[in-house]
Amino acid sequence: MIPHIPDRIDITSCSKRNRDDHIARYTFACKYAKGKHVLDIACGTGYGTDMLRKSGAAVLGVDISQDTIKKAKQKYGDYFATGDIRTFQSKQKFDMIVCFETIEHISEYHEVIQNLYSLLKKNGRLLISSPNKRITKPLIGKPMVSFHAQEFTPKELTFLLNEKFTVQGYFAQRQQPRIPCKIARSIYGKICRPQHRASPVVTKVHPWNEGRYFIVLATAK
């Protein structure tokens with residue numbers, strides 16, 4: 001099941017923090033995209049897809065919402081299509097797939113990973129992001145965002161990818177000190193608000209830090 005995802009519909013309706021986070025992810029992806037055939041899956045209204053195109057990629061943006069894809073085509077051009085991330089297929093395989101802030105919304109995440117693998121060329125690159133549940137999943141054990149089906153730690157998502165992909169590493173946004181104690185981590189988050197004050201720029205993870213969001217870089221086996 002794919003629930004309604006409000007923050008993917010229109011970036012202009014997001015908070016500044018969410019907007020900065022989204023744009024920073026695509027800025028990071030653009031470093032890998034030049035000259036590549038790229039799929040931006042769950043692309044929303046296409047601002048990130050357009051960033052990838054402007055970086056020099058031949059890009060296709062896909063989203064499950066027909067209305068969203070209609071808006072994307074009207075604003076950016078005809079390089080968008082409607083499709084479900086679990087089942088979307090293409091006659092041509094891709095050099096690279098970008099899948100940002102999506103897998104946590106879908107309970108059938110094993111289907112998602114299998115389908116992304118089927119869409120990539122051998123050694124094709126996957127960039128996939130998720131909230132880090134060590135930070136975003138509070139003491140009660142449920143994601144703070146009601147329309148998230150589940151969330152992952154970097155280790156958990158890496159484990160899921162390992163069957164089909166070779167994980168090259170992971171990067172983080174909104175880094176904060178690594179605090180083992182859940183209660184202390186929750187208190188720190190409420191008082192210091194690193195989700196707003198820490199940088200949205202995607203960078204390597206400092207040994208003593210962890211990110212509120214992370215991006216895994218992997219290649220298809």
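With respect to Ile215, determine if the residue is buried (at least 16 other Cβ atoms within 10 Å of the Cβ), out of contact with any Pro (no Cβ under 6 Å at 6 or more places or on another chain), of a type in the set (A, V, I, L, M) and part of a loop (DSSP other than H, G, I, E, B). Spelling it out, it is not the case that Ile215 is buried (at least 16 other Cβ atoms within 10 Å of the Cβ), out of contact with any Pro (no Cβ under 6 Å at 6 or more places or on another chain), of a type in the set (A, V, I, L, M) and part of a loop (DSSP other than H, G, I, E, B).
Of all residues in the stretch 29-79, those satisfying the criterion of being among the basic types (Lys, Arg) and either in contact with a Gly (Cβ under 9 Å, 6 or more places away or on another chain) or surrounded by 19 or more Cβ atoms within 10 Å (Cβ to Cβ) (or both) are Lys34, Lys36, Arg53, Lys71, Lys73, Lys75. Scanning the stretch 2-41 for residues that are at pLDDT below 95, closer than 20 Å to Gly83 by Cβ and outside any helix (DSSP H, G or I) returns Ile2, Pro3, His4, Ile5, Asp10.
Is at least one residue of the stretch 195-207 modelled with pLDDT under 85, outside any loop (DSSP other than H, G, I, E, B) and polar (S, T, N, Q)? Yes - at least one qualifying residue is present in the stretch 195-207. I need the full set of residues from the stretch 52-67 which are among the acidic types (Asp, Glu) and in contact with a strand residue (DSSP E or B) (Cβ under 8 Å, 6 or more places away or on another chain), in order please. Selection gives Asp63 alone. Name the residues in the stretch 43-77 that are in a loop (DSSP other than H, G, I, E, B) and under 18 Å from Tyr32 (Cβ atoms), would you? Selection gives Cys43, Ser55, Gly56, Ala57.
The values are calculated or read from the model by the stated rules, or taken from the named source; none is laboratory data. Computed from a predicted model, the values in this text were never measured in an experiment. Because the Cβ atoms are built from the backbone with ideal geometry, glycine has one as well, and the counts that use them run over all protein chains shown.
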